[in-house]
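Inspection log for the structure reproduced underneath, given as structure tokens.
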Amino acid sequence: MKNALAGLFCLAVAGMAQTATTRGAEDAIVYIGWPNNGEVIPKGRPFRVWFGLRNMGVAPKGVQFPNTGHHHLLVDTELPPLDQEIPSDRQHLHFGAGETETLLELPPGRHTLQLLMGDDRHVPHAHPIYSRKIAITVR
């Protein structure tokens, strides 16, 4: 019984360690520098999206340094759970090498873009740092 309880305790502590988040700068601001909200993008070719960040630094995944993180671009989706690892799929684009811009190609129509900062393990910070959501139209 004693070993079983010790095992359950270890599992509980391990589970907490996976969801524990890193502190980020509480005054940090992340934003999409371009495109602007309401922008109309020509269809059929990639367009540049650049990311801005104030009061905090950018560091690649796996690098744990105070007040740093890396960008995740959310395309046509809502914010994911802010206490879990950010998914990696076509709607949650990871920039774990510390990139601050990308080329994006989207089909014609209305789309939303939003940035979310993640720590060295792709988990949002304890004080989540995300941009306002913008809408663009590809036509």
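Taking the criterion of being assigned to a strand (DSSP E or B) and on the phi > 0 side of the Ramachandran plot, would at least one residue in region 85-108 satisfy it?
Applying the first criterion (assigned to a strand (DSSP E or B)) to region 85-108 yields 89, 92-94, 101-104.
Going one step further and asking which of them are on the phi > 0 side of the Ramachandran plot, we end up with none.
No, there is no match, as no residue in region 85-108 is assigned to a strand (DSSP E or B) and on the phi > 0 side of the Ramachandran plot.
Scan region 65-84 for residues that are hydroxyl-bearing (S, T, Y) and part of a loop (DSSP other than H, G, I, E, B) and the total you get is 1. Consider region 1-59 and keep the residues that are among the acidic types (D, E) and under 18 Å from the mean Cα position of the chain (by Cα). The one that is modelled with the highest pLDDT is D27.
Within region 109-139, the residues that satisfy the criterion of being in a strand (DSSP E or B) and either in contact with a His (Cβ under 6 Å, 6 or more places away or on another chain) or closer than 23 Å to E85 by Cβ (or both) are T112, L113, Q114, L115, L116, M117, G118, Y130, I136. Given (1) in contact with a Pro (Cβ under 9 Å, 6 or more places away or on another chain); (2) closer than 28 Å to P46 by Cα; (3) loosely packed, with under 14 Cβ neighbours inside 10 Å, where does R90 come up short, assuming only one miss? Tallying (1) in contact with a Pro (Cβ under 9 Å, 6 or more places away or on another chain); (2) closer than 28 Å to P46 by Cα; (3) loosely packed, with under 14 Cβ neighbours inside 10 Å, R90 fails exactly one: (1). Within region 43-57, the set of residues being in contact (Cβ under 8 Å) with a residue 60 or more places away in the chain and assigned to a strand (DSSP E or B) comprises V49, F51, L53. Among residues of region 99-128 that are in contact (Cβ under 8 Å) with a residue 40 or more places away in the chain and within 27 Å of R139 (Cα to Cα), those with a beta-carbon under 8 Å from a residue that is surrounded by 19 or more Cβ atoms within 10 Å (Cβ to Cβ) and polar (S, T, N, Q) at least six positions away or on a different chain give the pairs Q114/S131; L115/S131; L116/S131.
So for region 95-116 (the condition being under 11 Å from the mean Cα position of the chain (by Cα), over 18 Å from W34 (Cα atoms), hydrophobic (A, V, I, L, M, F, W, C) and surrounded by 15 or more Cβ atoms within 10 Å (Cβ to Cβ)), does at least one residue qualify? Steps first, answer last, please.
Quick first cut of region 95-116, residues under 11 Å from the mean Cα position of the chain (by Cα) only: 95-96, 114-116.
Next, from what is left, pick out any that are over 18 Å from W34 (Cα atoms): 96.
Now restrict to residues that are hydrophobic (A, V, I, L, M, F, W, C): none.
Checked against the condition, which is being under 11 Å from the mean Cα position of the chain (by Cα), over 18 Å from W34 (Cα atoms), hydrophobic (A, V, I, L, M, F, W, C) and surrounded by 15 or more Cβ atoms within 10 Å (Cβ to Cβ), region 95-116 yields no hits at all.
The values are calculated or read from the model by the stated rules, or taken from the named source; none is laboratory data. Only a predicted model underlies this, so the values are computations on that prediction, with no experimental measurement involved. Every residue, glycine among them, receives a Cβ derived from its backbone with ideal geometry; neighbour counts consider all protein chains shown.
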